[in-house]
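As structure tokens, the structure follows; a few thoughts come after it.
The values are calculated or read from the model by the stated rules, or taken from the named source; none is laboratory data. Because the structure is predicted, anything quoted here is derived from the model rather than measured. So basically every Cβ, Gly included, is an ideal-geometry build from the backbone, and we count neighbours across all protein chains shown.
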Amino acid sequence: MYTKRILASPTISGIWSELAPRPGRLEETIRITVAALLMTVVMLTFRMPYLFAGPYLTFILSQRETMLTRALAITSLLILVIASVLVYAVALLAWNVAWLRVSLLALVFFMGFFLMRTIAQPVILLGPLVIVSLFAYAFDTVPFPNELLNQLGWIWAIFGLLYVATFLTQWLFGAPTALEVFRTQMRRALAAAELTCLRLAFGHAPAEAAISSEESHDASARLKLLGATKVLRPDETARCAALLQGAIGVSQLTVKASGEAPQGEARSSLLVVAAWVRQLRLRVLHGEEIPLAHPPGLTGTRSGWRDAIEPLFRAGSALIAPEATPAKEREKGSFLAADWSTNPLYTSFALRTTLATMGCYLFMSLADWTEIHTCMITCVVTALAVAEAREHKQELRLGGVILGGLYGLVATVFLIPRFDSLMGLLIVLGLGAAMAAWLTTGTKRIAYAGWQMGIAIFMTILQKPHPVIELDVLWSRFVGIVLGVVAMRLVFSFPGFEARLDSLAPRADPDHEKAA
């Protein structure tokens, strides 16, 4: 499964490949870093609260291409509306009634976790639950409701500034569109298919010639987005999907070949196929009016090779005679899972995650240690049904806070005291933000660790509008994350849930957490 490949523990060479440059990665890193520094300067100028939140949110909103950034901006507005309504409702109904407030918070988390398992877009509820977690401890520390609403208003102001900073940096640095990114991915897939045929013709089958599962999955998801937003017509979407899958199928032949050099007709056929794929790539991606002949024959080649190459032939034939390929209607999925009212696993998941979240809240309140409120956020953002995905995200969260904490420790103790100007602060902050942004622009295997590294750096360095040397925030955040991870491990350690995960709907895929 794709999820298992993503969650596999990387080797040393795998870690290096995750950190290695790729086309466009440096530009993405620069855009995120500049947007974070711009947010820092403006928020320091106006002495806005939650200094760490603005730069950190740029890591989430600054996406690889403009269309996804706009989609996340619209989604974040919906998230803010839902979160504001929930916070205001709890404050209105139970401001001075502790038992009722705890009951309402438990109900909000239960319904939120239940819907996260059953709706098609879980991030719509994941974001509000994170904001509710932030305000849960504020109910015990803020003396008046008006101050709580004032803090909520500042969050709206931060998001407004975030949109300006993100879109401004994307415009200044020329962020690509979704169609441009997809064309680049399609070019790499066709180039990999061409190289595969050439390597097979001479008996070479290096694994690196194959397009990665991560890239193919990302390209398929982006193609769905292009079709959903009507950038591509349904018939164009269908043909692009067939062409992409056909190219990926050919490129993956590298791991199936035995390495024996074909002879005679087989070698000639593979060389002709490689030339045909090159013509196909030039015609599709470069717009060159190259006459594309009908697919060549595959005489003398192995049956497994023919089975993998023929889908690409069919996709190429659709370009030669597009009228022969009927437009496929897009699949319309329901917003709510079909078994939402009958599958007991959804209720079990909601009960377990609610128990972990509210258990952390009660421990935090009874210990009077509100600084560890990250324990509740940890429970929310790692609320995944698949055990491997949940534990992998917990590991990334811990790893990211350790990396960011170490940099924040060095910056606070050794670097910040040596500077007495805004420029010095921005240099130190920009260096840390760039390192975290580089991780963020990686694959799903490491991207979340970059987010956590970034927020740890911002929380340590930007505690107040002036330089500080306090390190309590690092310890409190680390303790909160560890407490949240332990709570989640405990509630899911009881039998009755994990053994039956195979009966879950496909919404168990953790990829939606990329926008959390």
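Checking the condition buried (at least 19 other Cβ atoms within 10 Å of the Cβ) and modelled with pLDDT of 95 or more, which residue from ALA487, ALA449, ALA456, ALA516 passes?
Checking each option against the conditions leaves just ALA487.
For GLY399, indicate whether it is under 26 Å from the mean Cα position of the chain (by Cα), surrounded by fewer than 22 Cβ atoms within 10 Å (Cβ to Cβ) and part of a helix (DSSP H, G or I).
Yes.
In the range 167-193, how many residues are among the hydroxyl-bearing types (Ser, Thr, Tyr) and in a helix (DSSP H, G or I)?
2
So which residues in the range 354-373 are out of contact with any helix residue (DSSP H, G or I) (no Cβ under 9 Å at 6 or more places or on another chain) and assigned to a helix (DSSP H, G or I)?
If the condition is that a residue be out of contact with any helix residue (DSSP H, G or I) (no Cβ under 9 Å at 6 or more places or on another chain) and assigned to a helix (DSSP H, G or I), then LEU366 is the only one that fits.
Could you tell me which numbered condition LEU384 fails, if it satisfies all but one of (1) out of contact with any Phe, Trp or Tyr (no Cβ under 7 Å at 6 or more places or on another chain); (2) crowded, with 22+ Cβ neighbours inside 10 Å; (3) in a helix (DSSP H, G or I)?
Single failed check for LEU384: (3).
Between residues in the range 468-486 that are among the basic types (Lys, Arg) and residues that are surrounded by fewer than 20 Cβ atoms within 10 Å (Cβ to Cβ), which pairs lie under 9 Å by C-beta distance while being six or more apart or on different chains?
ARG477/GLU371
Of all residues in the range 199-214 being surrounded by fewer than 18 Cβ atoms within 10 Å (Cβ to Cβ) and assigned to a helix (DSSP H, G or I), which is modelled with the highest pLDDT?
Within the range 199-214, the match that is modelled with the highest pLDDT is GLU214.
Just the residues that are surrounded by 19 or more Cβ atoms within 10 Å (Cβ to Cβ) and among the small types (Gly, Ala, Ser), please, taken from the range 46-103.
Result: ALA53, GLY54, SER62, SER76, ALA83, ALA91.
Name every residue in the range 103-131 that is among the hydrophobic types (A, V, I, L, M, F, W, C) and more than 22 Å from THR382 (Cβ to Cβ), in order of residue number.
Residue satisfying the conditions is LEU104 alone.
For ILE158, work out the one condition from (1) more than 17 Å from LEU80 (Cα to Cα); (2) assigned to a helix (DSSP H, G or I) it doesn't fulfil.
Tallying (1) more than 17 Å from LEU80 (Cα to Cα); (2) assigned to a helix (DSSP H, G or I), ILE158 fails exactly one: (1).
Taking the condition in a helix (DSSP H, G or I), hydrophobic (A, V, I, L, M, F, W, C), touching a residue at least 12 places away in the same chain (Cβ under 8 Å) and under 23 Å from PRO21 (Cβ atoms), does ALA434 pass?
yes
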